[in-house]
1. From the backbone phi of region 43-58, what are the Karplus-calculated ³J(HN,Hα) couplings (6.51 cos²θ - 1.76 cosθ + 1.60, θ = phi - 60°) in whole Hz, Gly and Pro given as x?
2. Could you tell me which trypsin sites (Lys or Arg not before Pro) in region 186-289 are loop residues by DSSP with no more than 11 other beta carbons within 10 angstrom of their beta carbon?
3. Before I look further, what does the chain give for accessible area per residue, probe 1.4 Å, in whole square angstrom?
4. If you filter region 248-338 for GluC sites (Glu not before Pro), then keep DSSP loop positions with at most 13 other Cβ within 10 Å, what is left?
5. Which entries in 40/283; 127/345; 92/345; 255/299 show an alpha-carbon gap greater than 23 Å?
6. Per-residue ellipticity at 222 nm for the chain, helices alone: DSSP H runs ≥ 4 residues times -39500 (n - 2.57), over residue total, nearest 500 deg cm²/dmol?
7. Straight distance only, please: which lysines reach the Cα of residue 28 with their own Cα at less than 16 Å, same-chain residues fewer than 8 apart left out?
8. What fraction of the DSSP beta bridges in the chain is antiparallel, stated in percent and rounded to the nearest 5?
Amino acid sequence: MKNLALFCIVSLLTLSAAYSPLSDDTLKGIPDPGDDFNIKDGALLAPILRTRVSGTPGNAAVLQHFVDFFKTTLPEWRLEFQNSSATTPTSKGKKIPFINLIATRDPPGSQIGEVGRLALVAHYDSKLTPTGFIGATDSAAPCAMLLHTARSIDAALTKKWEAVAAEGSSQLEEPKGVQILLLDGEESFHSWTATDSLYGARALAEHWESSFHPPASTYRTPLDSIDLFVLLDLLGSSAPNVPSYFKTTHWAYKKMAAIEHRLRELRLFKSSANHPARVAKRKNKGLRAEGYFLVDSEKSDHDSAFMGGFVEDDHVPFMARGVDILHIIPSPFPRVWHEMTDDGKHLNMDVVEDWTRLVIAFVGEWMELDGFLDFKSARRADYTEKTEL
Ligand SMILES: [Zn+2]
């Protein structure tokens, strides 16, 4: 019993150590995606804003875009494909392929089975109907957010792990990694049922459940290795209202909500009525009420009214296998949901950027990157290198 108690105390200490908040300067330095989120020709988002129904050339092109992005921009990330196939109610007996892309960055030299990971998840397929449906919030924009997030933390991860190695310290006794899951086949082809939806997520969860790490690993399977599964969906419309769905991860929700509060206080939230650019445009310069994205920050852990599994999404097969889920999806859904109007033009780009900034900061805190997320000097270094050439 004594050992168990000691173990619990150590675990608590580790958890709290993971949560030194980012400094104000770090929050201020989080890079904007800038033109890369331009819906017409931006490098990250524009290539996803097309029809990409599973098993079609559009789907393959978007997957290739992700692969090219990681291979050229983030070579340290390990890429894996997880393939499956299934007939669908509209495939006339033909098997449709579903390909999930898994991009992982673990500390150098770490053993498979020893790394706990923060998984950041979005689906990249689009819905078959209505014909020509783009799904900008569903989930092209969340995919682009994840690409930009990976890019924004990559150098800091390298620096942090180098610093830890240089110290020869034991900080990597509990190595932590980041994983981006870009899932295929979330949408139903005909109408949503347990078998006509979540094709990619179901295949991946099942596959990982039975992919065993070497005996005596800390984590038994890649599924066990997921410390938290953060699922982004239907993001990019104005004034999202995102509740805290699960009691078991309300603590993580509150961490993200606390970051939102700080970003708003620092006037870094572009969609806020109190952002300097908006205040400058109006006569009455007085502060206005903030319309928070994460509306349940004050909710008690003991509240009985968590919505739980009310919204079915890619987390379901993972949650059924015991994975902790933080589901970032608005309720109600955006007005454009599954309508032709869910396209690039109807995205609120300020909201898209705000979500991205929030996710980067959340990952930065989770990975304990304060002091390493030195965006300004990174940019200066780039500049110096270029001018020296
Ligand atoms: Zn959808």
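1. Per residue, the Karplus-derived 3J(HN,Hα) values read 5, 9, 7, 3, x, 8, 7, 8, 5, 8, 5, 3, x, 10, x, x Hz.
2. Details: sites: 202, 220, 247, 254, 255, 262, 264, 267, 270, 278, 281, 282, 283, 285, 288; in loops: 220, 267, 270, 281, 282, 283, 285, 288.
Passing sites in region 186-289 are 281, 282, 283, 285.
3. Values: 18080 Å² over 389 residues.
Per-residue value: 46 Å².
4. Values: sites: 260, 265, 290, 298, 312; in loops: 290, 298, 312.
Taking region 248-338 and a limit of 13 other Cβ atoms within 10 Å, the loop GluC sites (Glu not before Pro) found are 298, 312.
5. Details: 40/283 33 Å; 127/345 18 Å; 92/345 34 Å; 255/299 13 Å.
Flagged as over cut-off: 40/283; 92/345.
6. Values: 10 runs with 134 residues, N = 389.
Value at 222 nm, helices only: -11000 deg cm²/dmol.
7. Once the sequence-local lysines are set aside, what remains near residue 28 is 270, 376.
8. Antiparallel: roughly 45 percent of the beta bridges in the chain.
The values are calculated or read from the model by the stated rules, or taken from the named source; none is laboratory data. In this text the structure is predicted, and so the values were computed from the model without any measurement. Note: ideal-geometry Cβ built from the backbone for every residue, glycine included; neighbour counts use all protein chains shown. To get the accessible areas, we keep the full protein, side chains included, count just its heavy atoms, and leave off ligands, DNA and RNA. Shrake-Rupley method; radii C 1.70, N 1.55, O 1.52, S 1.80 Å.
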